[in-house]
1. Report ³J(HN,Hα) in whole Hz for each residue of region 39-51, in order, from the Karplus equation J = 6.51 cos²θ - 1.76 cosθ + 1.60 where θ = phi - 60°; Gly and Pro get x.
2. Taking H placed 1.01 Å from N in the peptide plane, check which residues at least 5 places from residue 104 or on another chain put their amide H under 5 Å from its amide H.
3. Ignoring ligands and nucleic acids, what accessible area does residue 244 show with a 1.4 Å probe (Å², nearest 10)?
4. For the pairs 111/168; 102/168; 182/208; 114/208; 186/208, flag any whose C-alpha to C-alpha distance is greater than 28 Å.
5. Using the Karplus curve 6.51 cos²θ - 1.76 cosθ + 1.60 with θ = phi - 60°, work out ³J(HN,Hα) for each residue of region 191-198 in order, rounded to whole Hz, and write x for Gly and Pro.
6. Give a residue-ordered list of calculated ³J(HN,Hα) values for region 249-260 (Karplus: 6.51 cos²θ - 1.76 cosθ + 1.60, θ = phi - 60°; whole Hz; x for Gly, Pro).
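The values are calculated or read from the model by the stated rules, or taken from the named source; none is laboratory data. In this text the structure is predicted, and so the values were computed from the model without any measurement. With ligands, DNA and RNA removed, areas are computed over all heavy atoms of the protein, side chains included. Shrake-Rupley method; radii C 1.70, N 1.55, O 1.52, S 1.80 Å.
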Amino acid sequence: ERELLSLASLDSTSDTPKQPHQRRTAYDFDSFGVVFDDFSYPSSRLIRRMRRCESRLLPFLDEWQVVDVVLTNHEIVLFDVYEESDYDISGQEFNLSTNGGKGLRLCDVAKGRKILSQFDLDDIDFVDIEHRLATVSDSTNDVESGHEQLLEFWQGGNDHIDGYRSQKMNLRWCNVNEDRLKVHFKSGGGTTLFMRFTVDLKEMERRKLELHAGEELSDIGRQAKVWCRSIAHLRGANNLTRMSLPHFNDDHEMDDFIELCPREEEAQEGRLKTLLRRNTSFAFDEQTLARINGTD
């Protein structure tokens, strides 16, 4: 099923003003399972499918960790990938696997899950995509193997999560174009959440195998793009105060949300060569820009 972005459905914060519950802070959840008051709006519906991703939260956490992320009209929530072992979900009236949880209530999706972090959308003043071009590797390892580690939670991804290694994932990301969703929050002196979606990695690896010699893979990751646009439209251009958005809500909207970043640091890991296919101006041709600005 195509997960189309409906901008009209994102005009959500014009209703009643938010009066959130008092919540525990990020990384303060010591036990599995949640209660109703753990969320500002526990009955809010997921507007995107639950996605497995790697996240890091600067300046607090510099290492990538694998999480499951959900988005409502009011908040971003990160869950530990592991379920509570003795939690009985047999009586639940919903099926998470039918649409990845999209349209389900947050309080239902959260049952049996450990909350790692919660972020209020009203606290966001910046969101974009850091785009890193693929490097050239001298490794003989098959970095496209192990696709089972890239499954979503609702696809049975936890059956293989024990095989996750951040260093191996970094090598896989270096061999394809990598897109990191970057979200900045005002509170706490300023924190920045980075997410890279495993489904984007799987798609980039698949497309790389299909390319002919000499072709470039310059598309932006589909989920990074969809989540970026969703968050941006939930906040609105006037609230993204750290950004200049001259193309907001027009045909070239994504031009304002893509940031080309070098790979010097990543290129030194895993004996990767520092030969980069770089484009300092990020000036794509018209056909590529049309794909980037698509809403699929």
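1. Couplings: 10, 4, 10, x, 8, 4, 8, 5, 9, 9, 5, 4, 10 Hz.
2. Long-range HN contacts for residue 104: 46.
3. 90 Å²
4. The pairs that break the limit, which is 28 Å between Cα atoms, are 111/168; 102/168; 114/208; 186/208.
5. With coefficients 6.51, -1.76 and 1.60, one gets 10, 10, 9, 10, 9, 10, 7, 5 Hz.
6. So the Karplus estimates, Gly and Pro as x, are 6, 10, 5, 10, 4, 5, 4, 7, 10, 10, 10, 7 Hz.
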